[in-house]
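Scroll down for the structure; my scribbles are underneath it.
The values are calculated or read from the model by the stated rules, or taken from the named source; none is laboratory data. No experiment lies behind these values; they were computed from the predicted model shown. Reconstructed Cβ throughout: ideal geometry from the backbone, glycine too, with neighbour counts over all protein chains shown. Note: accessible area is taken over every heavy atom of the protein model, side chains too, but ligands, DNA and RNA are not part of it. Shrake-Rupley method; radii C 1.70, N 1.55, O 1.52, S 1.80 Å.
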Amino acid sequence: MRSHIEFRSQALLDGDSNDGGSRGESVARLLSEQLAKHGYVVNGVAPEDWGWRVDLSNVAFPLWIGCGHYEEYPDGHLCFIEPSKPHVRHWLKRVPTNGVTEPLATAIEQVLRADSRISDLRWWSGAEANIGRS
């Protein structure tokens, strides 16, 4: 299941990790604008303590994209789709997410690949995406 994508772009860096501000606003705004052109309804873009969040309309479960600085590279970015698991619980039922998140992953990749300022796209493996999770 594709949920975390890293890439590089000097042009989309914003904020300063040393000033306590959130980084990722430029990427979040790019995705919100371009995903709307792919038919997604964007409910909002907001800062978080770890980066920026793009909330998308979805009836079955909350759906959003996190955007932040990927510190592995000075010009690194990381976006992740939530939920990032194949199922979520809603009213004691298991609700599959892949039918919603996989098309979203494809749309995100298309948006990023279409931008000439972005390079080195790479989806994380399932093991990489689950590091640090319980």
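General remarks:
- What the chain shows is 56 Å² of accessible area per residue, with the surface traced by a 1.4 Å probe over protein heavy atoms.
- Extension gain (nm, one decimal) between residue 110 and residue 59, 0.36 nm per residue minus Cα-Cα: 16.0 nm
- Ranked by the mean number of other Cβ atoms within 10 Å per residue, highest first, peptides 110-118, 62-70 order as 62-70, 110-118.
- The 3J(HN,Hα) values that the Karplus relation (6.51, -1.76, 1.60; θ = phi - 60°) gives for region 60-76 are, in residue order, 6, 6, x, 9, 7, 10, x, 10, x, 7, 9, 6, 4, 10, x, 10, x Hz. Gly and Pro appear as x.
- Histogrammed with a bin width of 5 Å, the alpha carbon distances of the chain distribute as 2, 10, 21, 23, 21, 14, 6, 2, 1 percent, first bin at zero.
- Dipole in debye (nearest 20) - region 9-111, about Cα centre, beta carbon charges: Lys, Arg +1; Asp, Glu -1: 740
- Under a 5 Å amide H cut-off, with hydrogens placed 1.01 Å from N, residue 117 pairs with nothing among residues at least 5 apart or on other chains.
- Relative contact order (percent, whole number), region 1-86, Cα cutoff 8 Å, 6+ residue spacing: 33
- Phi to ³J(HN,Hα) by Karplus 6.51 cos²θ - 1.76 cosθ + 1.60 over region 84-91, Hz, x for Gly, Pro: 10, 10, x, 9, 10, 9, 9, 6
- Compared with the dominant Cα axis of the chain, that is its longest principal axis, helix 98-114 is turned about 20°.
- On the chain, 50 percent of the accessible area sits on carbon and sulfur atoms, based on a 1.4 Å probe.
- Measure of compaction for region 45-106 (Cα Rg per 2.2 N^0.38 Å): 1.26
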